[in-house]
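Okay, so here's the structure we're looking at.
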Amino acid sequence: MANDFSRGKVWRNIVSQSIPLIAAQLVQLLYNVVDRIYIGHLPGADSMALTGIGLTFPLTTLVSAFTFLYGTGGTPLFSIARGAGEEERAEKILGNTFAMLAGTSLVLLAFCYLLRRPILYLFGAGDASYVYADAYLRIYLLGTPFTMLATGLNGFINAQGFPRMGMVTTLAGALMNLVLDPVFIFWLDMGVGGAALATMISQAISCLWVLWFLVRGRMALLRIRACNLSVDWKLVREITALGLSGFIMQGTNCLVQVVCNATLKIYGGDLYVGVMTVLSSVREILSLPVSGLSNGAQPVLGYNYGAKQYTKVRQGIRFTAVLGILYTVLAWLVVIVSPRPLLSVFTEDAALLEAGIGALHLYFFGFFFMAFQFTGQSAFTALGCSKRAIFFSLLRKAVIVAPLTLLLPRLGLGVDGVFLAEPISNAIGGLACFVTMYVTVYRKLGSGMELEAGRNRIA
């Protein structure tokens with residue numbers, strides 16, 4: 001079979017998947033990060049423009065949550081079906097994922113667009129910051145179908161063994177975004193709205209590429225076919241059951257963003273909402289390699305699991321964990337040594353920089369614990385262990401971060417309490433997820449007989 005992940009060294013298969021995927025995710029990250037960089041340097045806007053952008057995060061994250069629900073649910077099922085030689089089922093999974101992404105994107109577009117004003121004020125907007133938030137959001141939301149289809153379907157290109165082609169999906173759009181951002185923001189004097197328009201056009205280009213590849217591209221092994229677009233609700237339940245962990249992870253991110261912004265508004269004002277916007281941007285950049293590594297490992301782990309190559313699955317989990325921990329330790333050291341240069345990428349505002357340095361050290365304390373969470377979640381998702389993946393998605397954000405964000409400031413820590421909630425959750429949630437994965441999945445994979453006997457319990 002072409003692109004057989006059970007052949008060769010498993011670490012090489014993971015690296016071959018991960019490097020293009022990391023590059024693609026880096027390019028994807030440029031969509032939003034470049035916007036924030038330009039917006040943070042708008043003449044006369046000070047920190048208020050970044051504060052406005054930060055207020056839009058919960059809604060854009062909500063869109064990502066539904067993208068993950070179908071995209072991260074369908075892709076591992078697709079990989080397992082390919083590994084088992086069930087190509088007809090794999091194509092049906094692809095078709096149903098496309099149908100659900102397209103339909104849901106239209107519903108979200110209407111909901112978020114019509115209710116954006118009351119929602120933004122509920123999230124902590126003031127009259128000054130709302131101007132920037134609304135100028136960005138009312139244009140950005142129009143690209144919701146493009147965003148969901150491009151991001152949600154791109155994993156199916158990678159899962160067929162074409163990670164470089166998957167990289168092109170985001171590369172083309174992101175390069176366009178880099179070109180259009182300064183044109184719209186500065187040359188045409190559109191400001192925040194220009195950043196949103198550049199992003200929307202770029203997302204449309206990415207969407208057109210991924211649809212062309214999966215519908216008409218000659219390289220694709222499996223395609224989107226009209227006969228598979230009729231929704232099979234039993235199959236959709238399988239997709240959403242597995243994708244629910246990704247949905248909850250993003251959904252709880254949305255919850256935490258709302259709680260953080262509202263709490264920071266009370267204890268620190270608009271300035272600290274802007275600080276959190278910058279910290280979130282730095283975190284997205286620094287966590288990208290370990291996220292790309294774990295996502296790149298998923299089709300390899302899932303394929304070998306479907307092919308019953310359990311030793312290779314264990315090797316893949318070990319490799320992902322070790323490399324992830326080494327990287328996150330290095331990233332933490334960079335934060336400790338160079339906080340001001342990291343923040344200066346996003347803003348020149350002296351007050352925001354001064355407040356941000358201390359917050360950055362607190363927020364990234366023990367950053368390496370994130371590698372445990374990523375490794376555990378990746379293994380659970382790749383092998384179809386939906387209930388455990390969902391539980392640990394909920395544990396870190398909804399059970400630990402959100403309550404601590406509300407509690408710690410009230411115990412006298414003020415804004416520092418908001419920034420401390422993240423490292424505490426990384427340590428507790430990350431270790432709990434990894435240890436559970438090791439005991440309930442990794443050890444059982446040591447014996448094919450044990451796994452077959454307990455396969456239903458694991459999944």
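Where a number appears in this text, it was derived from the coordinates with a stated rule and is not lab data. Quantities reported herein were computed from a predicted structural model and do not represent experimental measurements. With ideal geometry, Cβ positions are generated from the backbone for all residues, glycine too; neighbour counts draw on all protein chains shown.
Checking the cross-link pairs 312/444; 9/387; 234/312; 308/444; 92/234; 234/387 against a 19 Å limit on the alpha carbon distance flags 9/387; 234/312 as lying beyond it. Taking a sphere under 15 Å around the Cβ of residue 182 and counting the other residues whose Cβ falls inside, with K and R at +1 and D and E at -1, yields a net charge of -2.
Across segment 82-172, the relative contact order, built from alpha-carbon pairs under 8 Å that are at least six residues apart, equals 32 percent.
The peptide list 323-332, 299-308, put in order of mean Cβ contacts within 10 Å with the highest first, becomes 299-308, 323-332.
The alpha carbon gyration tensor of segment 247-345 gives principal lengths a ≥ b ≥ c with a/c of 1.5 or higher and a/b no greater than b/c, which makes the shape oblate.
Using the Cα gyration tensor of segment 189-242, with a ≥ b ≥ c the square roots of its eigenvalues, what is the shape: rounded (a/c below 1.5), prolate (a/b larger than b/c) or oblate (neither)? Oblate is the answer for segment 189-242, as a/c is 1.5 or above yet b/c matches or exceeds a/b.
Over the chain, Cα pairs under 8 Å with separation of 6+ residues give a relative contact order of 24 percent.
Relative protection proxy for 70-78, 194-202, from highest mean packing down: 70-78, 194-202 (other beta-carbon atoms within 10 angstrom). For the chain, what is the mean residue ellipticity at 222 nm derived from helices alone (per DSSP H run of n ≥ 4: -39500 (n - 2.57); sum divided by total residues; nearest 500 deg cm²/dmol)? One gets -27000 deg cm²/dmol as the mean residue ellipticity at 222 nm.
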